[in-house]
Each structure stands twice: as structure tokens, then as C-alpha cells.
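Since the structure comes first, as C-alpha cells, the remarks are kept for the end.
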Amino acid sequence: MKFKSILIIVATLVIGFIIGFLTNGQLTKSRIQSFVKMGTSEGFKTKLYHVINPDESQQKAIEPILEKYAEKIHESVVNSRGEMKSINDEMIEELKPFLTDDQIFRIKNAHSRLGRGWRSPHGGPKRDGSGPKRDR
């Protein structure tokens, strides 16, 4: 009887863990897709329509206004990305004297993937302190 109770508790915990893991993954994926979509003019308009919830007459009246500003927002996002790339390139140039070739490669690689989000660089220092180090 005791073994059966322990087995039920462990099975419940494992099932709960799996459900939580899968749910968290789906929520994260949904939020990322929503965030990426906001960078487009259509995504911006969709979000505003959802927030405003206009009736048909309002929708016809505000469509040209939203279209105008959605394009401006999109252009701003595109310009911002270009400006960020320029700032990152400038930063890398200032960091070069202090970094190894491997570190420079990793930071350039991370910046090239900036549109997909920052990720931990592969081959970085390990928790025990081993791995690539800076040459000073």
C-alpha cells in the first residue's frame, strides 16, 4: 500500500512537471511571436484594433489614420535596428584591443543574431572557470 501511494505521488509530480514545461513553452512561443509581429505595420494595426475595439463606422474612419502611423512606426523600427547595428559595430571596435579573436568572433556572431534575440555564446567560460579567457 505504501509503495502504491508513493508511486501515485511521483507519477502526479512527473505529469505536473511535463504539463508545466509544455505550457510554459507554448506561452513563451506565443509571446515571442506577438512581440515580433508588433514590429510590422499589420501587427501594430491589429494590436490597436484589439485595444480600441472599434465598431464598423469607427473602423472605417480610423483605418487611414492607423495605416499612416503604422507605416511611421515600422520605419522607426527599421531605422532603430540600423542605428543599433552601427552602435554595436562601434562598441566591438573599442573592445577589440581587450578581447581574444574567439571572443570577438562570438560577440560578432551574437550581434548578427540580434534579431532573434541574445543567446549565451557557445564556448564561453564554464562555471568552473575553465574555457576561453581574455588575453591582456
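A short reminder: the numbers here are calculations on the coordinates, not readings from a lab. Values in this document were obtained by computation on a predicted structure and should not be read as measured data. FYI the Cβ positions are ideal-geometry reconstructions off the backbone, even for glycines, and counts take in every protein chain you see.
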Quiz prompt | Candidates per trypsin sites (Lys or Arg not before Pro) in region 10-119, loop by DSSP, up to 16 other Cβ within 10 Å | solution = Arg113, Arg119
Quiz prompt | Label point distance in nm, Ile87-Thr12, each placed 7 Å from Cα along Cα→Cβ | solution = 5.1 nm
Practice problem: Using a cut-off of 15 Å between beta-carbons, work out the net charge of the residues near Gly43 (Lys and Arg +1, Asp and Glu -1, Gly43 not included). | Solution: +1
Quiz item: Per residue Cα convex hull volume for region 40-116, in cubic angstrom?
Solution: 84 Å³
Quiz item: Taking the simple approach of a point 7 Å from Cα along Cα-to-Cβ for both Ile104 and Glu63, what is their distance in nm?
Solution: 5.5 nm
